[in-house]
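Here is the structure we will look at.
Throughout, read-outs are computed from the coordinates displayed, never taken from laboratory work. Note that the coordinates shown come from a computational prediction; the quantities given were computed from them, not determined experimentally. Cβ atoms come from the backbone with ideal geometry, glycine included; neighbour counts cover every protein chain shown.
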């Protein structure tokens, strides 16, 4: 971090005088919730108006051209306006910022993804708004923490609060947002995290609902779940795992294919034409897809055929079933094309929509096979949403609570738990059995916890006290005297301006110690070695430990803009890390 300004110093002095430091996270969680709630309102408004005007001015026969326009606009903005933040999107990059960048996220990300995601979805892009709100919420939390001069721990907590508030507001699901932040974004669970995350999620949801009203509440009647249907639930979980594998491979295929097109505008052109062609054939692929889910829940399935060339086919049970199978398989392809060819957005909403289509298709098929089973289509659509989301987002607990909240289907908790458990377990089992997962195990949550705990340490506080410096023209006599008075066997060589020029170790002077006649002839610049490896004073502690391990060293010089600040030892770093492990409330 840069030097604190006077406002930050004033705030930190005020904070140091407070008897209870736990009040601050509570207050900041409310602030974060309000800001992110307003951000969610803004992005929903942007998408609404883009979509309304795009559809209003485009004849129905030209709908298939709208994604192309959106992709070209987003590509232009990402190349010329938001080039520094274009590659940052969603939970994966937020986690990387926490692990590798000391929870520092650029200010521009608060608003840049709103515009690009709004253009993408507003012009028919088949992606989700959650990547933008996760990015924006995390950026709000990080930048509030930076502005107040807070440390790594509280910045990380505020990022989690921002994500929880964003998901809570956009999906009207405070528990879903809370659990998603805890399960996916933050590295570990501690009781002290509960209150700030809950407060931020509740604040974001209340503000959004107060201004915008209720959104994404699928209010449809649900019958009591009959436990005789458990075999069908298990079978749906198996199909959910298979479909989620298809989704991931489709996304991967689209990414590889479009990455071969090096020109950004050509990539957007190809992707826009491809997605527009799919929308022309299957209109439900336009935009996020919640309109189609609402239509199916309200038994208006024929509305999905409107404006499609397939509407001319005779309406028979098996042809209709084939159509719903087709849109189930086409949604992942539409999303993969959108995100890989120039559009913005995430896989959060598409996994819910695909799961809803799967559940409806499964319901229709089950009714044909078991006509007297008394099945409820909404039940299986909600279960389909949960199992696909659990597998795609690697968040089964979030899937249960999120679907229960956005559907108001709290009586489905048991089948939701069952379908998520089946689908997620099978996905995990198959991936480990086939060893097809490209990410190494080191990227799992246990590894993340180690890096997070390390990054909570400040290099500034771990620097060992400096002793008298050695200048380039210092003699060997002065060097020997300096080493005899020091507690370490390494010395820094600096110039008059304090810049680090080299390092002298005891081994470097060992051969010259017996030649006492040369003590005043041999100079420091003759003995020093160039500092091939240094540590920046603001560098994450996890990366410093990597430097120690990779180079088999126990002491490294610390610099700031080239100027020497002191040494850091591996022993002191690990000792402080062990002390950090014993702390009960590591985030406060």
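Take every DSSP beta bridge whose two residues both sit in the chain; close to 80 percent of them are antiparallel. The length gained by stretching the chain between residue 534 and residue 45 to full extension, at 0.36 nm per residue less their Cα-Cα distance, is 171.2 nm.
What the Cβ-Cβ distance of residue 26 and residue 552 gives, at R0 = 35 Å and to the nearest 0.05, is a FRET efficiency of 0.15. Using a simple spin-label model with pseudo-atoms 7 Å out from Cα toward Cβ, residue 96 and residue 411 lie 4.6 nm apart. Taking each residue as 0.36 nm, the span from residue 234 to residue 561 lengthens on full extension beyond its C-alpha to C-alpha distance by 111.8 nm. State the Cα centre-to-centre distance between segment 260-322 and segment 353-430 in whole Å. Cα centroid to Cα centroid, the span is 22 Å. Rounded to the nearest 500, the helix-only mean residue ellipticity at 222 nm of the chain stands at -19500 deg cm²/dmol, with each DSSP H run of n ≥ 4 adding -39,500 (n - 2.57). Going from the residue with the fewest nearby Cβ atoms within 10 Å to the one with the most, 203, 223 rank 223, 203. If both residues of a DSSP beta bridge must be in segment 460-581, then about 80% of such bridges are antiparallel. Each of residue 428 and residue 365 was given a label point 7 Å from its Cα along the Cα-to-Cβ line. The distance between the two points is 2.6 nm. Once divided by 2.2 N^0.38 Å, the Cα radius of gyration of the chain becomes 1.16. For segment 204-312, the fraction of alpha-carbon pairs lying more than 21 Å apart is 65 percent, rounded to a whole number. Exposure proxy shown here: for 110, 105, 337, 261, the number of other Cβ atoms within 10 Å sets the order, fewest to most, as 261, 110, 105, 337.
In plain terms, the residue of 224, 546 with the fewest other Cβ atoms within 10 Å comes first and the most crowded comes last, giving 224, 546. The calculated FRET efficiency for residue 518 paired with residue 249, based on their beta-carbon distance and R0 = 45 Å, is about 0.05. Between residue 497 and residue 111, the FRET efficiency from the beta-carbon distance, with R0 = 51 Å, is close to 0.80.
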